[in-house]
Structures are given as structure tokens and as C-alpha cells.
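Report on the following structure.
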Amino acid sequence: HRHRIAPLVAFVSAVSCGVAMVQHLAEVVDGETEEAIGTPIARLRAMSRDSASSSPGGSGHDLDINNLRARLLPEKRKMSVDGEFEGDGEVDDASDEEGPPPLTWKDVLWYMGPGWMVAIAYVDPGNYQADISSGKLTAYSQNWVILWTSLLSIYIQVLCVRLAQRSRQTLSQAIAEEYPRFVRYTLYAVAEFTVMITDLPEVIGFGFAVKLFLGWPIWVGVILSLVTTMLFLSSQHYGFRVLEFIIMCFVGVMSVAIFYEWGVSKGDSVAFLKGAFLPGLSGIPPDYLTVLGIIGCVVMPHNLYLHSAAAMTRGDVQRTEKYVNRAILLCSLDIVLPVLVTVAINYGIVSLAARSLYKNPDAEKAGIGDFCQYFVGLKGGCVMWGIALLAAAQSSAITTTYAGQYVMDGFLNLKMAMWKRAILTRVTAIGPSVIVAVMYDAAALQFMIDLVNAALALLLPFALIPLVKFNTSRRKMGKYASKRTESIILWIMTAAVVVVNIISLKLDLKGRSQGFNFHREITKALPLNMLLVLYVCILSYIALEPVKGKQAQALR
């Protein structure tokens, strides 16, 4: 049963990571509780009861808000504009002699949820299409791209958490505060465009799923995605956690479907392991457009806006260093397990594509719409694939709607009812999808998804550079800015993303066999080169524009 080894390895890795996370939290509870203080909920409730019992009449409902605020937020802990504590410039631990309540599972569960919302972007229909293209063209050889971009994305999501918890701002709010008006509106337009094209694979994937189950035309399913998304968004009246639970259920459904198909298929475990961790071990040349697509659909730009806002849905953390450290720790751990689960799902899809499509001359145009038709000897394959595709498309549609709302609110300080935002985002994505679905075949829609994935990789630096810039700026984050070594690593990582984008685009467009030709670069490739120079100049300005830190609020 060698073909069962690969899914077993992925499953055991995900479980092991979860166990390691639990062990780490247990160590915090046993010996390091005083190093990071958790949510103040228990303390708030206790103080509320104390204040209520001491109030005149002993009604049990009156609460002296000012007195409670003074007890929770001592005046000595206010922050200056530069992010330093007023007074002696250091945190005074004297007020914490009593200590906070110990970390409990309620505290851990309190912070769970946003990570699953963010992780949906790693397994949306765009990822499915990129995985199928990778397996079809290069078998297992590009699995390492999925792994390392996912690990990179965990680090990037931690930066989102830091920015949110330290400055109490979303990424879009921070950009709007720091950049001149024209640049702010430009970046807002890029962010809105990013959200809208991100929604294209979701509506197309939903259309394909409806066709698989009901046999309806793709364009009918594309339009139907608006109705179903509105129905799910109606649950927001019951709280953000209800939507998070729905998303977790969707991830569970697609996991079961993909792992079942992966487990019963007969893949090449040796080839899988050669391509899973490091490049070049399989000996198969890479496909650069696919590499670019994987980067774009894993480290998605809209996710940076989404997570920096979702990290603050747990209420305002008490503005002391230890409470904020605890919040950052738990919010950061929240993203680890969901991302590892999505890595396993993506591995499964690539393995299915490598088994069914690699070196198959009849599968040149295969994609998410007809992928299951190539499952040889896999009973119920199309049903399970349709379930996974439907879950991925619907859950992704919900999260992109929220991301669009956070972008609009942060950049423009303009709040729009979620149902209006859903209609705006859906209609913008549905229009082009319906036109292509009516005029062309499924292969054209699948190629559109490939182009969207590549475009998202090119647009990623417009969100990543400000995020790294704010996290490394003392004017923005005060003394909690990244230290010198980490700052250097972050900027090298960011520059590498830009360089990989440019190289992948150039190599794919001109063909690997042609090599460098100076005459061609000056004549035929001149327009592309000028656009790339403009691209680099804009990104350089975004990176070099000084941080004003007008409202630096780190631990205010």
C-alpha cells in the first residue's frame, strides 16, 4: 500500500503540529504564565461583580465605568506619540504584582476562529486550479512551492497580528494614515481590484460545482453564487463566531472529500516526497507561470487586510504589555494548524493531478471543471470533487466579502452594509465570468483563473511592503518594532517576492529556451520592460516613503 503513505504523512504532520501547539500552551500554563497575560475577561467580570455589589442599593447591575477603567488602565501606562511609555519610559510591573488569571482553555478558544477564516484563501478554487496545473505540467516537483509559500504566509500573518494588536489598526487603516492622499487612493484602488479579481475563481468554481451536481450551464451557477452568499452572510446577525464556525465546517467537508480521493488513489509516494520539501530533487523543469500562480493563490493580498482586521474581533485587549503579548501569541498560534491543514489539502490535489493528468495528452486543457473525469477507477470521485469544490467556492466568497468591507472601511472610513458589499463584490466578479462562460468554453474560464493567480502574485507587494514597513518602524510600533536582524530578514523576504515575480513573468513570456537576447529586450520586449520598471519604481516609493507615526498607538 505504498500509495497510501503520502496522505498518511500529511495527516500525521498536521496532527503532530497540533499536538506540539497544545504542549507549548501547556508549558505556558505550567511555568510561564507570568510572562504573557491573557484576555481580561475573567478579571473584567470579577471587577464588575465587585463594583456592582459595592454600589448603592446593591442592585448588582450598576457599574462605575470610570473606576473600572482606572483599575484596568493605570494612567502610568499611557503611551507617547513615539510608542514609548510616558514617565520613565519602561513598563512598571508594580501594578501587576497580583498577577492576571492563569491561561485556560477558554482563553485559547476565545482566540480561535480568525485563522480558519484566513486559511480559506489557501484552498479556494484558484488554489485548486493552480494545484491541478502544477500536477498536470510538473507532477510532484513543485510541491515544495506550496509548502514554503504556506510557511512564509504564516510569518506574514503573524505580522498582521502584531500590527493589529500593537497599533490597534487594520492594515488598510494604517496605510490610509501614513501615505499622502493620492497614494492612499491609488493603493485603495489596487486593494479593491485585488479583492474583486480574487472573487473571480470563487464564482467560477461555484458554477462548475453546480454543473457537476445539477448539469446546469456554468453561467447559471455563477449567478446563483450571489444568492447563496447572501444567505450565509445573513448569519452574521448571530455574531462573527457563527460565520467562523461555518467556515470551519466547510474546511472539514473539503478535507474529508480530498483526503478520501487522495487515500484511495495510487500515487507515486517516492516522487511525492522528492518534490514535497526542496526544489530540484525530482529533475523535472519548473513551469514558471504555475510557480507564479501558486505564490499568488497562497499568499493572497486580500488576506493581509482580512487578518489584520479579524485579529481585532476578539475585543479590545487590556493595554498592558503582558496582555498584548498573550493576545499576539494566541492569535499567531491560531493560524498555524489551519494553514498546515490547507497544505495537506493542496498536496492531495496536486497528487491526484499528477496521477491522472501528468503526461496525459488528452488532459492538456483539464482544470477544476472536468478534473474528476480523469479519475481512473475512483468510485464516487466526481461527487466528492464536487462537494470539495462547492465548499471551497462558497466559503471563499464569504471571506472575500469581508475583506472588501475591511478595505473600504479602512481606506475611506466608509462603512457599507454587508449585504450591499456582497452585491458589489459579487456583481463585479459575476459580470466578466458570465460573459466568458457564455462566449467561451470551460477551458477559457480555467485559463482566466490561472491569469488571476498570476496577477495576485504581482499585486501582493502592494500590501506586503506596507505591512513589513510598519512592523519594522519604531515610529509606528515604538519599541515593539522588529529588531535589526528580523527587519533585515523581512526586507530580504519582501525583495525576494518582487524579484521572483519579475523573473517568473519574464521567463514564462519569452520562453526558457530563448535565453537572453539584447536586441529582443530593446525591441519586442520594450513595453513589458517599461511596465516592469514602473512597477519597481512604484513599489520602491511605497517602501521608502517615511512613516509619519502621527497616531502611533503601540500599547497606548
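The values are calculated or read from the model by the stated rules, or taken from the named source; none is laboratory data. These numbers come from a predicted model, not from an experiment. Every residue, glycine among them, receives a Cβ derived from its backbone with ideal geometry; neighbour counts consider all protein chains shown. Accessible surface areas use protein heavy atoms only, side chains included; no ligands, DNA or RNA. Shrake-Rupley method; radii C 1.70, N 1.55, O 1.52, S 1.80 Å.
Structural remarks
- Residue ranges of helices (runs of 4 or more DSSP H) in segment 433-502 with at least 3 members at pLDDT 95 or above and crowded, with 18+ Cβ neighbours inside 10 Å: 461-471
- Residue, surrounded by the fewest Cβ atoms within 10 Å (Cβ to Cβ), within segment 94-107, restricted to residues that are at pLDDT 80 or above and charged (D, E, K, R): Lys106
- The condition of being open to solvent by 10 Å² or more (accessible area, probe 1.4 Å), without any contact (Cβ under 8 Å) to a residue 60 or more places away in the chain and assigned to a helix (DSSP H, G or I) holds for only one of Trp110, Trp148, that being Trp148.
- Residue identified as in a loop (DSSP other than H, G, I, E, B), in contact with a helix residue (DSSP H, G or I) (Cβ under 8 Å, 6 or more places away or on another chain) and either open to solvent by less than 10 Å² (accessible area, probe 1.4 Å) or under 28 Å from Asp370 (Cα atoms) (or both) among Pro279, Pro286, Pro338: Pro286
- The residues of segment 532-556 that are modelled with pLDDT of 85 or more, surrounded by 14 or more Cβ atoms within 10 Å (Cβ to Cβ) and not in a helix (DSSP H, G or I), listed by number, are Glu545, Val547.
For every residue, the table says whether it meets (1) touching a residue at least 60 places away in the same chain (Cβ under 8 Å); (2) assigned to a helix (DSSP H, G or I); (3) open to solvent by less than 10 Å² (accessible area, probe 1.4 Å).
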| site | (1), (2), (3) |
| --- | --- |
| Gln318 | yes, no, no |
| Ile345 | yes, yes, yes |
| Gln373 | no, yes, no |
| Met384 | yes, yes, no |
| Thr401 | yes, yes, yes |
| Tyr406 | yes, yes, no |
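- Residue tally, condition modelled with pLDDT of 75 or more and either touching a Phe, Trp or Tyr at 6+ places or on another chain (Cβ under 6 Å) or not charged (D, E, K, R) (or both), over segment 362-379: 10
- For Tyr155, the criteria (1) modelled with pLDDT of 90 or more; (2) under 26 Å from Tyr480 (Cβ atoms); (3) buried (at least 16 other Cβ atoms within 10 Å of the Cβ) hold in every case but one, which is (3).
- Residue count, segment 202-226 (criterion: open to solvent by 30 Å² or more (accessible area, probe 1.4 Å), part of a helix (DSSP H, G or I) and either farther than 24 Å from Tyr440 by Cβ or touching a residue at least 24 places away in the same chain (Cβ under 8 Å) (or both)): 6
- Scanning segment 141-158 for residues that are over 26 Å from Ala209 (Cβ atoms) and of a type in the set (Ser, Thr, Tyr) gives Ser141, Tyr155.
- Taken over segment 291-301, the criterion of being over 14 Å from Ile156 (Cα atoms) and open to solvent by 10 Å² or more (accessible area, probe 1.4 Å) is satisfied by Val291 alone.
- Tabulated pairs, segment 179-193, first closer than 19 Å to Asn303 by Cα and open to solvent by 20 Å² or more (accessible area, probe 1.4 Å), second part of a helix (DSSP H, G or I) and among the polar types (S, T, N, Q), C-beta under 8 angstrom, 6+ apart or interchain: Tyr188/Ser172
- Of residues in segment 409-432 being of a type in the set (A, V, I, L, M) and open to solvent by less than 10 Å² (accessible area, probe 1.4 Å), the one nearest to Val190 (Cα to Cα): Ala429
- Filter pass, Gly135 being in a loop (DSSP other than H, G, I, E, B) and either at pLDDT 90 or above or over 30 Å from Ile204 (Cα atoms) (or both): no
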